[in-house]
Amino acid sequence: MAETRVAVIIPTFNEAESIGDVVASIPRDIVSRVIVADGGSVDGTADVARGAGAEVIDVGRGYGRACLAGARAADDADIVVFMDGDGADDPAALAVMVPAIASGKYDFVIGSRARGNREPGSMASHQILAGLAAGALIGLLYGVRYTDMCAYRAMRRDTLLALGMRELTYGWNLEMQMRVARAGLRVLELPVPYRCRSGGESKVGGNLRGSLKAGSRIIATFARVAMEPARGSS
């Protein structure tokens, strides 16, 4: 049986303080490639990532654009894993996430910070509540209830590309969860530990402007996907 190839995709923007340690901490006995999809950092993020052993692609601004570009670049991977470059995600969870997909038991594995052990100060209360609220609404629509919109997630690459992802901004994570639920894929929500970021500033929860901007995109994404006709309907 051929070896399962795994690519970790890390969207970045000005995360030079943390990205080197993140890349270095990824277990290479599990992961074949680490792809940093950089959105035009001006602080040397790309150079630090390369120095730590990652491949770097310049993708332009947009969180979803970076995720999609990274998945497309991982053309020899069977499984893609998405994680953040701020040092908050624990790479040890890969030892559970990847086998859950590789075994064929699950189609989508997503980390839940709400159900895991969170370092004090790692998440704002509004981030926790937003994940719970979005999960409850998805449950009402499609019968799959999430507790978080965590960026730490894994899926077979061909399954991801077949979802028809369109969102190029911060609504990417929510769109993926909605499309997975609507498609009836097998979901594992895995409690994961979550740490305070080790460098840079959060583009979503770091300030009021960022939170409002991300929140508006997430709401718009939810409305757009929810109103889409089901595939095969007239």
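Of note:
- Looking across segment 1-42 at every residue that is part of a loop (DSSP other than H, G, I, E, B) and of a type in the set (A, V, I, L, M), the one that is nearest to R197 (Cα to Cα) is identified as I26.
- In segment 74-94, the residues that are small (G, A, S), farther than 16 Å from M149 by Cβ and assigned to a loop (DSSP other than H, G, I, E, B): A74, A77, G85, G87
- Test: residue in segment 157-176 that is of a type in the set (D, E, K, R) and under 24 Å from T4 (Cβ atoms): yes
- Test result for Y146, hydroxyl-bearing (S, T, Y) and without any contact (Cβ under 8 Å) to a residue 60 or more places away in the chain: yes
- Filtered residue count, segment 56-80, keeping only those that are acidic (D, E), in contact with a helix residue (DSSP H, G or I) (Cβ under 8 Å, 6 or more places away or on another chain) and more than 20 Å from V42 (Cα to Cα): 1
- Subset of segment 189-211 [open to solvent by 40 Å² or more (accessible area, probe 1.4 Å) and at pLDDT 75 or above]: P191, P193, R195, C196, R197, S198
- Per this entry, E3 is not counted among residues that are touching a Lys or Arg at 6+ places or on another chain (Cβ under 8 Å) and among the charged types (D, E, K, R).
- Inside segment 95-132, residues that are surrounded by 14 or more Cβ atoms within 10 Å (Cβ to Cβ), assigned to a helix (DSSP H, G or I) and without any contact (Cβ under 8 Å) to a residue 60 or more places away in the chain make up a count of 5.
- Within segment 220-234, the set of residues being farther than 18 Å from M165 by Cβ and either at pLDDT 75 or above or among the polar types (S, T, N, Q) (or both) comprises S233, S234.
- Residue tally, condition of a type in the set (S, T, N, Q) and either touching a His at 6+ places or on another chain (Cβ under 6 Å) or open to solvent by less than 40 Å² (accessible area, probe 1.4 Å) (or both), over segment 164-188: 2
- Count of segment 27-55 residues which are surrounded by 22 or more Cβ atoms within 10 Å (Cβ to Cβ) and in contact with a Lys or Arg (Cβ under 7 Å, 6 or more places away or on another chain): 0
- Residues in segment 160-196 that are β-branched (V, I, T) and within 29 Å of N117 (Cβ to Cβ): V180, V187, V192.
- Residue, farthest from D75 (Cα to Cα), within segment 137-163, restricted to residues that are open to solvent by 30 Å² or more (accessible area, probe 1.4 Å) and of a type in the set (G, A, S): G143
- Tallying residues that are open to solvent by less than 30 Å² (accessible area, probe 1.4 Å), within 20 Å of R5 (Cβ to Cβ) and polar (S, T, N, Q) within segment 15-26 yields 0.
- Restricted to segment 56-72, and to residues there that are among the small types (G, A, S) and without any contact (Cβ under 8 Å) to a residue 60 or more places away in the chain, the residue that is surrounded by the fewest Cβ atoms within 10 Å (Cβ to Cβ) is G60.
The values are calculated or read from the model by the stated rules, or taken from the named source; none is laboratory data. Only a predicted model underlies this, so the values are computations on that prediction, with no experimental measurement involved. Quick reminder, even Gly has a Cβ in these numbers, built from the backbone with ideal geometry, and neighbours come from all protein chains shown. Side chains are part of the model used for accessible areas, which takes the heavy atoms of the whole protein and leaves out ligands, DNA and RNA. Shrake-Rupley method; radii C 1.70, N 1.55, O 1.52, S 1.80 Å.
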